Amino acid sequence: MFNVDQFLKQVKPSKRGKKARGAKARKTWNRKKVLKISAIVGASGLVASLALVMFVFAYFGRGLPDIYQLSNYEPPVITRIHANDGSLMTEYATQKRLFVPINAVPPKLIEAFLAAEDKHFYDHYGIDLIGVFRSAVINLGNVLSSRRPVGGSTITQQVAKNFLLSAETTYERKIKEAILALRIERVFEKDEILELYMNDVYLGFGSYGVAAAALNYFDKSMEELTLPEVAYLAALLKAPSNYHPIRRPAAAKSRRNWVLGRMYDDGFITREEYTEARDAPLEVNLKQKEELFRADYFEEEVRRELLAIYGASKLYGGGMSVHTTLEPRLQAIAEKVLRDGLVVYDRRHGWRGPVDNLALKEGWASALGDYEISLGIDSWRLAQVLGFEGDRALIGFEDGSLGLIPLPEVKWARAWREGERLGRSVKKITQVLDGGDIIIVEAIETPAAALVRGRDDSEFLIAAKSNDSDGMAEIYALYQIPEVEGALIAMDPHTGRVLAMIGGFNYQTSQFNRATQAARQTGSAFKPFVYAAGLDNGFTPSSLVLDAPFVIDQGEGQGKWKPVNSSNIFYGPSTLRLGLEKSRNLMTVRLAQYLGPQTIMDYAARFGLADNMRPTLAAALGSAENTLLQMTSAYSMIVNGGYNIEPSLIERIQDRRGRTIYRHDKRTCLGCQAESWQGQPLPVVPDERKRVLDARIAYQLVSLMEGVIRNGTGRKIRVLGIPLGGKTGTTNDWKDAWFIGFSPDLVVGVFVGFDQPRSLGVNEEGSAIAVPIFRDFMELALKDRSGIPFRVPAGIRLIRINVETGLPAQPGDRNVILEAFIPGTEPSGIRFVLDGQGFLRLEDALKEGTSGIY
């Protein structure tokens, strides 16, 4: 029988075994305790970390910018101004950026950017933890060495920083950047984020965005870039100035090759592609300056208008495409004829002296090159007078070349005297020029055939001669920059579109636009509007008005007003036609007195000319001030048959997406949107212009102003032999000279005067200064075009009239014209004359005239 107690005694452990088992039990208990404590500590740490993260997100996430504004973000884009033929005129921008959608960016360019900046872009959630850890390790050393912290930002973080935060380098900003990056990634697609980044990043050379950089560095579109070129653009992300392709070519190539290496490591390119691109030279083809059609005064007027409508932000960053009304051919003609006309006037009134005088010495060409002066005419050059030989002056240019000015080319340069008078005639060239004079010249004979010979006693001239390899020199004429100023506007009378505008001799020296900003007295150029009131109130072109002395008391202490004709002659009873053709002041005043000053002012208001007018008789002679643009617009309303027009420099504006946001022509054409013509009736565009004058009255005025050119103050224009009309204007003491003229489809206004009003000189009238400029413009503008007669509206009868009597022509009459009458207003046998207060029978007026009334 088994004895349990005996067995237990036999197996009872030794004392040593008991101790071992106790130690093992204690060790197991301690391990469990440690694990338990570790778990508690770990859990506590995790909770604390999560709490810290939550605290950081809660603390730094307060008040952060709204990321949804990125969905409406429109980066600043260039606004471009175009002429009406599409020519680029100028650009306005604070940042030269071309915005492109991400699907238009070539894949290799995207891969280069990812390799250089964020290879895990399509895998992370806004933060690259590996990059963050790497930056943390580096920054730990930077903090200990007091160096600037480095970034480890993903593209998403850079978008957050660039669009929503400041550029300061602080840990607080980095935390906010990370928070915003996580939020952005939850809301936006990766491609949307990349599109923002690649269109916003600055890559040097004024290039904002990859499209602008491709153009500026390589003069290519993005699609044309090679692998080395896309790698170089990506290399610029770090610091464009550090990798300048010209100033730092070695650093630039090294950085480019680093990007290529990253692209190879990341699997974007093959080994062969990498090797070939790495060995390629760094070649840039910097963008050439675009060919622009410049019209400075016009462009500035457009800029001011856009600024007033849209504000600076949209003008300089809105990416608008502005299609203007400017016609480049007419603008080029306008600039030439106005400048030439001002120079012709200026030369008539003498020489005001050289630009400067510098002592003659070695190195004169270099000293001449230091002069910075805008001359205004491309063919003009700055020169220095080096010496004289007989009746010729030797001149030198900054490039060391030589030329000659013969005496006949300075004959015009009689000394200027106050009052635009002239000094004595020029007999010797030394009356005009001295050695060392800095002057303006223009070549008049090429190739030259004048031998340059220095005077025997002039070592300097002999040395100068040696600069001219073949001993020949061009012949030059002497010029000076005009002190007088002027303006010219060409306008479509049917729409108000400004086709050409020049507001002064040289925009670089004076930005003041005399076409739009200079309000000046218009003189006789205003008279057609007085005659418009007369014709619209019962007068006809054949109506007689007394041309005789006129005196009116202006009130206590004001004296008497006694207007006179410019000829100081009284002509007796004369037709309205003669009054306008010959610009008779006394007839105009009598007509205005009969109609009443307020009536004249009311008619002026219809044409937009009453802003600075008072209801006085002097206003009938153009005492009120108006700009050339206002006058040209007013004449347009006569030429177009009496319709109101608003002058416009802008035809159409499109926003950055090509949507039209402005049109000058606001009419609605219901049938104009058809994709094709299927035999349907042609669409009719309604004429919504407001009428300001009866079409028949407007035609009568046009006919009268045709006579100004045929027989009156605009006779210099009739050599063109085409239907034209217009009116001269001259103010008291010849301070302002005007001519507003027109063909059936083109109105041109010309103004000439000093900025600080003073006399242009005795008898320097509109017919002497402004008329030749208009004539030269029309000759070129209408070249090779057949003359179009003025359109006669319905309700006009053309009757053969004796010009002198205003009566129907009789057999044998010589001076006969076709006069325009409204039916029922044709002249009868009994004639009456307006004497200011009322009408007299012609016979009675003639009797009174013989007794000295006129």
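The values are calculated or read from the model by the stated rules, or taken from the named source; none is laboratory data. Just so it is clear, the model here is predicted, and its values are computed rather than measured. Here the Cβ positions follow ideal geometry from the backbone for every residue, glycine too, while neighbour counts run over all protein chains shown. Quick note on the areas: whole protein, heavy atoms, side chains included, nothing else; ligands and nucleic acids left out. Shrake-Rupley method; radii C 1.70, N 1.55, O 1.52, S 1.80 Å.
Which count do you get for residues in region 640-688 that are surrounded by fewer than 17 Cβ atoms within 10 Å (Cβ to Cβ), touching an Asp or Glu at 6+ places or on another chain (Cβ under 7 Å) and of a type outside the set (K, R)?
Residues flagged as surrounded by fewer than 17 Cβ atoms within 10 Å (Cβ to Cβ), touching an Asp or Glu at 6+ places or on another chain (Cβ under 7 Å) and of a type outside the set (K, R) within region 640-688 amount to 1.
Name the residue that is nearest to T713 (Cα to Cα), counting only residues in region 524-574 that are of a type outside the set (A, V, I, L, M, F, W, C), in a helix (DSSP H, G or I) and in contact with a Lys or Arg (Cβ under 7 Å, 6 or more places away or on another chain).
Across region 524-574, the extreme among qualifying residues is S524.
Name the residues in region 299-319 that are in contact with an Asp or Glu (Cβ under 8 Å, 6 or more places away or on another chain) and either at pLDDT 95 or above or in a loop (DSSP other than H, G, I, E, B) (or both), would you?
Hit for region 299-319 is G319, nothing else.
With the checklist (1) over 19 Å from V100 (Cβ atoms); (2) surrounded by 23 or more Cβ atoms within 10 Å (Cβ to Cβ); (3) in contact with a Phe, Trp or Tyr (Cβ under 6 Å, 6 or more places away or on another chain) in hand, flag the one item Y264 doesn't pass.
Just one mismatch for Y264, condition (2).
So P75 passes all but one of these: (1) at pLDDT below 95; (2) in a helix (DSSP H, G or I). Which condition number does it fail?
The number of the failed condition is (2).
Residue by residue, here is whether (1) part of a strand (DSSP E or B); (2) in contact (Cβ under 8 Å) with a residue 12 or more places away in the chain; (3) more than 20 Å from I502 (Cβ to Cβ); (4) open to solvent by 40 Å² or more (accessible area, probe 1.4 Å) holds:
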| position | (1), (2), (3), (4) |
| --- | --- |
| G729 | yes, yes, no, no |
| A737 | yes, yes, no, no |
| F742 | yes, yes, no, no |
| V750 | yes, yes, no, no |
| Q756 | no, no, yes, yes |
| G761 | no, yes, yes, no |
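Are any residues in region 651-691 of a type in the set (K, R) and farther than 21 Å from S636 by Cβ, and if so, which ones? Step through it out loud before you land on a result.
Restricting attention to region 651-691, the residues satisfying the condition of being of a type in the set (K, R) are 652, 656-657, 659, 663, 666-667, 689-691.
The answer is R656, R657, R659.
Using beta carbons and a limit of 6 Å, which pairs, at least six apart or on different chains, have the first residue in region 518-535 and in contact (Cβ under 8 Å) with a residue 12 or more places away in the chain and the second one among the acidic types (D, E)?
Note: pairs meeting the criteria are A519/E625; R520/E625; R520/D736; Q521/E625; Q521/D736.
Hey, could you check region 267-304 for residues that are open to solvent by less than 40 Å² (accessible area, probe 1.4 Å) and of a type in the set (F, W, Y) and say which is nearest to E117 (Cα to Cα)?
Checked region 267-304; the qualifying residue nearest to E117 (Cα to Cα) is Y274.
Return yes or no: is V355 in contact with a strand residue (DSSP E or B) (Cβ under 6 Å, 6 or more places away or on another chain) and closer than 30 Å to A214 by Cα?
Numbers: in contact with a strand residue (DSSP E or B) (Cβ under 6 Å, 6 or more places away or on another chain): yes; closer than 30 Å to A214 by Cα: no.
In short, no.
Could you please tell me which pairs satisfy a Cβ distance under 7 Å, a separation of 6+ or placement on different chains, a first residue in region 281-310 that is of a type in the set (A, V, I, L, M), and a second residue that is open to solvent by less than 40 Å² (accessible area, probe 1.4 Å) and in a loop (DSSP other than H, G, I, E, B)?
Final answer for the pair search is L282/P245; V284/P245; A295/L326; V302/L649.
In this structure, is E474 closer than 30 Å to R414 by Cα, among the acidic types (D, E) and in a loop (DSSP other than H, G, I, E, B)? So that I can check it myself, show each step before the final result.
Details: closer than 30 Å to R414 by Cα: yes; among the acidic types (D, E): yes; in a loop (DSSP other than H, G, I, E, B): no.
Spelling it out, it is not the case that E474 is closer than 30 Å to R414 by Cα, among the acidic types (D, E) and in a loop (DSSP other than H, G, I, E, B).
Taking region 763-783, which residues are surrounded by fewer than 19 Cβ atoms within 10 Å (Cβ to Cβ) and either touching a Leu at 6+ places or on another chain (Cβ under 7 Å) or not in a helix (DSSP H, G or I) (or both)?
N763, E779, L782, K783
What are the residues in region 320-365 that are within 30 Å of R656 (Cβ to Cβ), open to solvent by 10 Å² or more (accessible area, probe 1.4 Å) and not in a helix (DSSP H, G or I), if any?
Hits for region 320-365 are S321, H323, E327.
One residue is enough: does region 510-531 have a residue meeting the conditions on the phi > 0 side of the Ramachandran plot and open to solvent by less than 10 Å² (accessible area, probe 1.4 Å)?
Filtering region 510-531 down to residues on the phi > 0 side of the Ramachandran plot leaves 523.
So of that shortlist, the ones also open to solvent by less than 10 Å² (accessible area, probe 1.4 Å) come out as 523.
Within region 510-531, one or more residues are on the phi > 0 side of the Ramachandran plot and open to solvent by less than 10 Å² (accessible area, probe 1.4 Å).
Could you list, ordered by first residue, the pairs with Cβ atoms under 7 Å in which the first is in region 343-368 and touching a residue at least 24 places away in the same chain (Cβ under 8 Å) and within 30 Å of S425 (Cα to Cα) and the second is open to solvent by less than 60 Å² (accessible area, probe 1.4 Å) and acidic (D, E), at least 6 apart or interchain?
Pairs that qualify, where the first residue is touching a residue at least 24 places away in the same chain (Cβ under 8 Å) and within 30 Å of S425 (Cα to Cα) and the partner is open to solvent by less than 60 Å² (accessible area, probe 1.4 Å) and acidic (D, E), are H349/E420; P354/D437; N357/D437.
Taking the criterion of being crowded, with 19+ Cβ neighbours inside 10 Å and farther than 30 Å from E651 by Cβ, would at least one residue in region 416-423 satisfy it? Please lay out each step first, then the result.
Residues of region 416-423 that are crowded, with 19+ Cβ neighbours inside 10 Å, as a first pass: 420.
From what's left, farther than 30 Å from E651 by Cβ: 420.
Yes.
So, of the residues in region 808-824 that are part of a loop (DSSP other than H, G, I, E, B) and open to solvent by 50 Å² or more (accessible area, probe 1.4 Å), which turns out to be nearest to I697 (Cα to Cα)?
First, pick out the residues of region 808-824 that are part of a loop (DSSP other than H, G, I, E, B): 809-815, 822-824.
With open to solvent by 50 Å² or more (accessible area, probe 1.4 Å) added as a condition, the list becomes 810-815, 823-824.
Details: Q810: 26, P811: 29, G812: 30, D813: 27, R814: 27, N815: 24, P823: 12, G824: 14 Å.
That would be P823.
The conditions are (1) of a type outside the set (D, E); (2) open to solvent by 30 Å² or more (accessible area, probe 1.4 Å); (3) modelled with pLDDT of 95 or more, and L215 fails exactly one of them. Which is it?
Status for L215: all satisfied but (3).
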